[in-house]
Amino acid sequence: MKRIVCVIAIGCLMLCLTECGTPASSKPEKEYSMETMREEVYGVDSLVKLADGTEVTAICFDNAATTPAFKDVNEEVVEKLDTYAYVGQGKGQKSAAVTEFYEEARQTVLDFVHADPELYTAFFCSNTTDGLNKLSSALVTDENDMVLSSRMEHYANDLPWRNRGNTIYAEVDENGRLRLDEMERLLDKYPVKYVSITAASNVTGYVNDVHTLARMAHEHDALIIVDGAQIVPHRAFSMMGNTPEENIDFFVFSSHKMYAPYGGGAVVGLKSELDSHIPEFYGAGIVQEVYDEEETYLSAPSLYEAGSLNYSGIVAMVKAIEILEKTGYDSIQEHEQILLRKAIDGLLAIDGVTVYGDTENISDKIGIITFNIDGVNYTDVASGLADTAGIDVGKGTFGAQPYVFRLLGLPNTVEEEEGSASTPGMVRVSLGVYNTEEEIDVLLSTVRGIAEQ
């Protein structure tokens, strides 16, 4: 009898928790700031072994490729695994909770980029490349559809368009900035359907005025797509311009560049456009009915989410958004500009070092610096930094060879000669919220040592 009463009591408690919601956490809401940001990141105190066998604290200056994880992002993922279940179909409490979380996460993404929910929706993807491929597979319906892009794009915002439509490119100026006059000329000359442009370069860090570009595109009856992979860890972004003509139509970003691993990403886009297209990705989750000879499809965002969604990736992304917003993008930018100025000035003071792009006006740059040392291959520079001081940097062309070759002053043509040297490239230093001036000092002294050898 006691056992029956106990089971009933537990059942009543579970029912109460289900219907009334779990009790509010007694843990106070956490505050984040630049002063404590280094403590929030995994790996900042990790030791690595140098070429001589000694150990030093690792320094990561390759944040444009992937950032380390926020500790609270990982904790949030672990905590939410208690309610992990399949979204949408199940009738159990966990499935209902996960389905509700997904819809709340969509709203978080819309709020993050200040998107009007009456105009926009958001669908989840695994990264920016995945999102741009899904978007291009839907929007480009004919190989003659004309897409205007630029020579500063990452492959993720180039290859999906050039392999589906008729893509043309605006050039950059001598400092590597996008030429707005060239964008205008091409819009005047050709029947452009879409303009696809990066919000911030992963090579020079330049931030493009995408709202001006949106107005230019809309004046020519084109829609604008913005690659947001590099902007989201550094600066706040808004889909809404000062006027409706300046609004962004589509925005794509990844969470692995904003301190959240697990493969999260999102596409924010106009409901009207997403509903009138269908991506080249099929499966369960996007269909309403499937008959022997035909099928009917759901509307966006479900239309773009075939298969099971990445629960952990979405949980991580939502938490990273919270942390970055609470830290404050103004504070992040201020910190970054200090480090950027120090690093550029220090590199320019070293004989034999060439820094690419504008080294004086850096207000329109996120924390990215590319350089070379005269007479030293970029791969050897990167190896030297790692072997001598435990510094991790990027090297090569960073998935943006046409842009890098323009900055190097080289023709970007197919090399016909056999046995030619390796592809020219650069060294890239890319900053994160946790990097310090002391780490910049170590970088500069190590580069000086390599240059003087």
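Screening Gln107 against (1) free of Cβ contacts under 8 Å to residues at least 40 places away in the same chain; (2) not in a helix (DSSP H, G or I) leaves a single unmet condition, (2).
Taking the listed residues Val393, Val442, Val433, Val404, the one that is within 20 Å of the chain's Cα centre (by Cα), in a helix (DSSP H, G or I), buried (at least 17 other Cβ atoms within 10 Å of the Cβ) and touching a residue at least 40 places away in the same chain (Cβ under 8 Å) is Val404, with no other qualifying. If the condition is being assigned to a loop (DSSP other than H, G, I, E, B) and β-branched (Val, Ile, Thr), then region 233-290 contributes Thr243, Ile248, Ile278, Ile286. Does region 200-210 contain at least one residue that is assigned by TED's automatic domain parsing to the domain that holds Arg235, surrounded by 19 or more Cβ atoms within 10 Å (Cβ to Cβ) and at positive phi? Looking through region 200-210, at least one residue is assigned by TED's automatic domain parsing to the domain that holds Arg235, surrounded by 19 or more Cβ atoms within 10 Å (Cβ to Cβ) and at positive phi. Leu15 meets all of the listed conditions (1) within 30 Å of Lys94 (Cα to Cα); (2) modelled with pLDDT of 50 or more but one, namely (2). Looking at Ser308, Ser331, Ser302, just one residue is crowded, with 16+ Cβ neighbours inside 10 Å and either within 24 Å of His114 (Cβ to Cβ) or under 23 Å from the mean Cα position of the chain (by Cα) (or both), and that residue is Ser302. Residues of region 153-167 that are surrounded by fewer than 19 Cβ atoms within 10 Å (Cβ to Cβ) and without any contact (Cβ under 8 Å) to a residue 24 or more places away in the chain: Leu159, Arg162, Asn163, Asn166.
Since Val98 meets every condition but one in (1) closer than 30 Å to Ala400 by Cα; (2) crowded, with 19+ Cβ neighbours inside 10 Å; (3) β-branched (Val, Ile, Thr), which condition does it not meet? Evaluating Val98 over (1) closer than 30 Å to Ala400 by Cα; (2) crowded, with 19+ Cβ neighbours inside 10 Å; (3) β-branched (Val, Ile, Thr) leaves (1) as the failure.
The set of residues in region 75-100 that are in contact (Cβ under 8 Å) with a residue 40 or more places away in the chain and either more than 13 Å from Leu309 (Cβ to Cβ) or out of contact with any Phe, Trp or Tyr (no Cβ under 6 Å at 6 or more places or on another chain) (or both) comprises Glu76, Val77, Lys80, Leu81, Tyr86, Gly88, Gln93, Val98. Contact annotation: residue pairs with Cβ atoms under 9 Å, 6 or more positions apart or on different chains, pairing a residue in region 324-346 that is closer than 19 Å to Ala260 by Cα with a partner that is β-branched (Val, Ile, Thr) and part of a helix (DSSP H, G or I), are Leu324/Ile332. Taken residue by residue, region 206-227 has no member that is of a type in the set (S, T, N, Q) and touching a Phe, Trp or Tyr at 6+ places or on another chain (Cβ under 9 Å).
Can you tell me which residues in region 119-173 are aliphatic (A, V, I, L, M) and more than 18 Å from Gly265 (Cα to Cα)? The answer is Leu119, Leu139, Val140, Met146, Val147, Leu148, Met152, Leu159, Ile168, Ala170, Val172. Residues in region 195-232 that are assigned to a strand (DSSP E or B), under 20 Å from Tyr120 (Cβ atoms) and not hydroxyl-bearing (Ser, Thr, Tyr): Val195, Ile197, Leu223, Ile224, Ile225, Val226, Asp227. Within region 129-145, restricting attention to residues that are surrounded by fewer than 19 Cβ atoms within 10 Å (Cβ to Cβ) and not acidic (Asp, Glu), which residue is nearest to Pro191 (Cα to Cα)? My answer is Asn144. Going through (1) buried (at least 22 other Cβ atoms within 10 Å of the Cβ); (2) more than 24 Å from Phe70 (Cβ to Cβ) one by one, Gly241 falls short only on (1). For beta carbons closer than 9 Å, sequence separation of 6+ or different chains, a first residue in region 126-152 that is free of Cβ contacts under 8 Å to residues at least 60 places away in the same chain and a second that is among the charged types (D, E, K, R) and outside any loop (DSSP other than H, G, I, E, B), the qualifying pairs are Val147/Arg162; Ser149/Arg162; Ser150/Glu182. The single condition among (1) assigned to a helix (DSSP H, G or I); (2) of a type outside the set (S, T, N, Q); (3) out of contact with any Gly (no Cβ under 8 Å at 6 or more places or on another chain); (4) at pLDDT below 95 that Ala96 does not meet is (3).
The values are calculated or read from the model by the stated rules, or taken from the named source; none is laboratory data. As the structure is a computational prediction, the values presented were derived from the model and not from experiment. Virtual Cβ from ideal backbone geometry, glycine too; neighbours counted across all protein chains shown.
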